[in-house]
Amino acid sequence: MGVGLGRGPGPSGGALVVPGRNGWLVDLEDAEGLAAGALQALADPERRDAIVREARATAAANSYAAQLPQWAQFFRGYVEGW
């Protein structure tokens, strides 16, 4: 299993990158795995495009602009408590 990026609350319920759904993960220093994943993406354009669409949706859902209201709500309790 690869090293997940952005572990924590997210649309997937934990991992920001869900292999095969919105991205690909390989083990650290696994050049062969990286090459194999790239070849799979090149060989199956429909699957690649679907993953890219999901990746863009994940990026939009976790953008600074999308997260700002959540951070404001989080800190509101601290600021109002002073």
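The values are calculated or read from the model by the stated rules, or taken from the named source; none is laboratory data. Model, not experiment: these values are computed from the prediction. For neighbour counting, all protein chains shown are included, and Cβ atoms are generated from backbone atoms with ideal geometry for every residue, glycine included.
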The one condition in (1) of a type outside the set (Ser, Thr, Tyr); (2) out of contact with any strand residue (DSSP E or B) (no Cβ under 9 Å at 6 or more places or on another chain); (3) at pLDDT 90 or above that residue 10 fails to fulfil: (3)
Scanning segment 27-82 residue by residue, the ones that are exposed (fewer than 12 other Cβ atoms within 10 Å of the Cβ) and β-branched (Val, Ile, Thr) total 1
Regarding segment 46-60, can at least one residue be identified that is over 18 Å from residue 19 (Cβ atoms) and touching a helix residue (DSSP H, G or I) at 6+ places or on another chain (Cβ under 9 Å)? yes
